[in-house]
Amino acid sequence: MTTSTNIMTTTKTNRKSVDTDWTLVNSDIVPIDGWEILNEEIGGRHSFLIEYYKRCRSGEIIIGRELKTQLEMLIQDIVYRYDTYRFILGGAHKRIKFIENEIKHFESPFAGQPFILTLCQKAIAEAIFGFEIFDTELLGGGRWVRRFKEVLLLIARKNGKTPFASALILADWFCGEAGQKVMCASNDYDQAGLIFDCINNFREESSAMVKVTRKNIKGIFFGNPKQRRKTGKFSAQNKGTIKKLSAKTNAKEGRNLKTVIVDEVHEMKDRSTVMPLRSSLTTQDEPLYIEITTEGVVRDGYLDERLADARKVLKGELDRPRWLVWLYTQDSESEIWNDEKSWTKSNPMLHVVKKVSDLRDLVEEARIKGSQRAFTLAKEFNLKQSSSKAWLRLLDIEACDGIFNIEDFKNSWCIVGVDLAETNDLCSATFLFMKPNDDVKYLFTMYFVTETKANDPNATDSPTNPEKKDYREWERMGLCRVVKGNVIDDDVVAKYLREIYDKYHIRPYRVGYDEWHAKEFAKLTAKTFGDDVLIKIKMSYEALNTPIKTVELDLIARHINYNKNEICKWCFQNTAVKHDKNGFVMPEKVAGYIGNKIDGTVSKIIAYATLRECKSAFISKIGG
């Protein structure tokens, strides 16, 4: 086979400087002379990896700095390190040909069509299966083996990563050596099943593969039950298997695997799922451990740890020559908002399987809605927010029009949302009023704070008043009440609801509350207004997702009047949102300061969640 020594045909007379736009993460990479005429033929075969590199280098294909660095490192290995690595395309092209000739899509809108790989997908396949390294530890003095033991593929969602990875695994299972045991793993059984089911659906679409394989509840196996006497690689004599496993499955140890593919590692909080699987590969001469994922919303999880190491590899700070780090990432957040052409950096299948118009709609929504912004940046562009950022725009918070007096709502019904305090915390009760034929929600909020906190000088770093707010001044303004002692008991808020009723004849139609530490509050409120008035609101993503987004939309639409309450404004500014894997949100404090209270925001969200439970009946009650 022709080695990489024949690739370069340049001399000093045609030396070219490195393109200034090709800015790399690793500044120690040696510039490649005459890259424009880099030979794309390796041993008589066209190299898709080199073609991809050249088209990216010329600017025809737009990629991010981190992928530029990885490509440059691979080309460096081909050109200059041919004594350490071999780049031989036979095995890679065998798998590429298998995918394009034997595998068909099974999902709309491509169902029944051949799986034709894009250039970037072929480049990845060549990188995984084309590079070899001489392993001196093997019996008989050593031999050349597949270089990359591990692969990390970070790519934004809806870019076909699951079908592509499934096709690669299935191709390797057929084209590689006999007896390969493959494990499809993920954080839960359903997610692990996505890869496994995709592999099986590809198998079922091919009559040729169906004839020599079988599937049952345990996995996919070689051998056709109707041809029990048949021998050879594509018979039951081949003990190769494909199975699936989740993080919740016990007994992950004790396996002898050849290939492990882990999907959506961004959901994993730690490495407990993957470490036993990685250990099970150690007996193999050519193991393959693949992680495919988008950026996640879990903070300080397994993916954060892996990406930190991966970026050290790209920067030359960590030596992992057998780890292929392939990151489709943006170079900055600003380019997402200002340059649509940059979106291909994290979405290589844009214009192929992902529509620009759909992505544009998501960006425009995220531009306005803070509850959507962090999730969109992470999942659509692989740009994780390093810390919790403010959920609401200041212009929307300050757009509250008009002042009202609670006396304006004498003899009326209301919805109440209560966020009770723990010990020295702030406590909040929000009264939500509505008027017939009026879209505005009028929110009157009273805060409760302990005497210990209120009497603490707000200019110090005292643990009782870390937020450094002058609660006594707020008390004089009628925005909060100071409670004796250092604990706000449940009955304080329950008695306040009764006080409002006695003074203004304002009656709660429903009272929403978090049941955590609220038994006495619920008991006293039920005694005053009846058992049916209470609604427990779970502090979960599912329960709070819609109310949070409705609060935001109402603020943007100027449909909230919070009476220009200074504490409410402060709580709004302190509030961030965190996401689960489905994009659902919950409130949390903006990161960086312990004094960022959000109790007023939470009581409003609880009030909205309560209204959602009884909106039609409540509007009917107030005559709307």
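Here the sum of -39500 (n - 2.57) over DSSP H runs of 4 or more residues, divided by the residues of the chain, equals -11000 deg cm²/dmol at 222 nm, to the nearest 500. How large is the Kirkwood hydrodynamic radius of segment 566-624, counting all unique pairs of alpha carbons, in Å? About 13.2 Å, per the Kirkwood formula over Cα pairs. Taking a ≥ b ≥ c as the square roots of the eigenvalues of the Cα gyration tensor of segment 194-237, is the shape rounded (a/c under 1.5), prolate (a/b larger than b/c) or oblate? Here segment 194-237 falls in the prolate category. Hydrodynamic estimate: the Kirkwood radius of segment 155-197 over Cα pairs, inserted into Stokes-Einstein at 10 °C and 1.306 mPa s, corresponds to D of 139 µm²/s.
Separation of segment 326-353 from segment 44-114 is 19 Å, based on Cα centroids. When DSSP assigns beta bridges and you keep just the ones with both residues in the chain, what percent turn out antiparallel, to the nearest 5? Around 45 percent of the beta bridges assigned by DSSP in the chain are antiparallel ones. Calculated on C-alpha atoms, the gyration radius of the chain divided by its Kirkwood radius gives an Rg/Rh of 1.08.
The orientation-averaged projection of the convex hull spanning the C-alpha atoms of segment 27-158 amounts to 10.5 square nanometres. Ordering of 87-96, 31-40 by packing is 87-96, 31-40, highest average first (other Cβ atoms within 10 Å, averaged per residue). Taking the centroid of alpha carbons for each part, segment 525-542 and segment 154-216 are 48 Å apart.
Averaging sequence separations of C-alpha pairs under 8 Å and six or more residues apart, then dividing by the length of the chain, give the relative contact order as a whole percent.
On the way: 1184 pairs, mean separation 73.2, N = 624.
After rounding, I find 12 percent.
Taking a ≥ b ≥ c as the square roots of the eigenvalues of the alpha carbon gyration tensor, segment 526-593 is oblate, as a/c is not under 1.5 and a/b does not beat b/c.
Among beta bridges identified by DSSP and lying wholly in segment 395-526, the antiparallel ones come to about 55 percent.
Listed values for segment 144-152 are Karplus-derived 3J(HN,Hα) couplings in whole Hz (6.51 cos²θ - 1.76 cosθ + 1.60, θ = phi - 60°), namely 6, 10, 4, 5, 7, 8, 10, 9, 10, and x replaces Gly and Pro. Restricting the trypsin sites (Lys or Arg not before Pro) of segment 544-624 to loop positions (DSSP other than H, G, I, E, B) with no more than 13 neighbouring Cβ atoms within 10 Å leaves 558, 564. Two numbers describe the Cα atoms of segment 366-497: Rg and Dmax, which are 18.6, 53 Å. Each 10 Å bin from 0 upward holds the following percent of the Cα-Cα pairs of segment 301-383: 16, 43, 28, 13, 1.
In degrees, nearest 10, range 0 to 90: what is the angle between the Cα axis of helix 519-529 and the longest Cα principal axis of the chain? The answer is roughly 50 degrees. For the peptides 291-298, 233-240, residues were scored by their other Cβ atoms within 10 Å and the scores averaged per peptide; the highest-first order is 291-298, 233-240. Principal-axis analysis of the Cα atoms of the chain puts helix 119-130 at an angle of about 60° to the longest axis. With angles folded into 0 to 90 degrees, how steeply does helix 65-79 sit against the dominant principal axis of the chain? Use alpha carbons for both and round to 10. Roughly 10 degrees between the two axes.
Only the coordinates and a few stated rules stand behind these numbers; no lab work does. Bear in mind that the values here come from a model prediction, so they are computed numbers and not experimental data. Cβ: placed from backbone, ideal geometry, glycine included. Neighbour counts: every protein chain shown.
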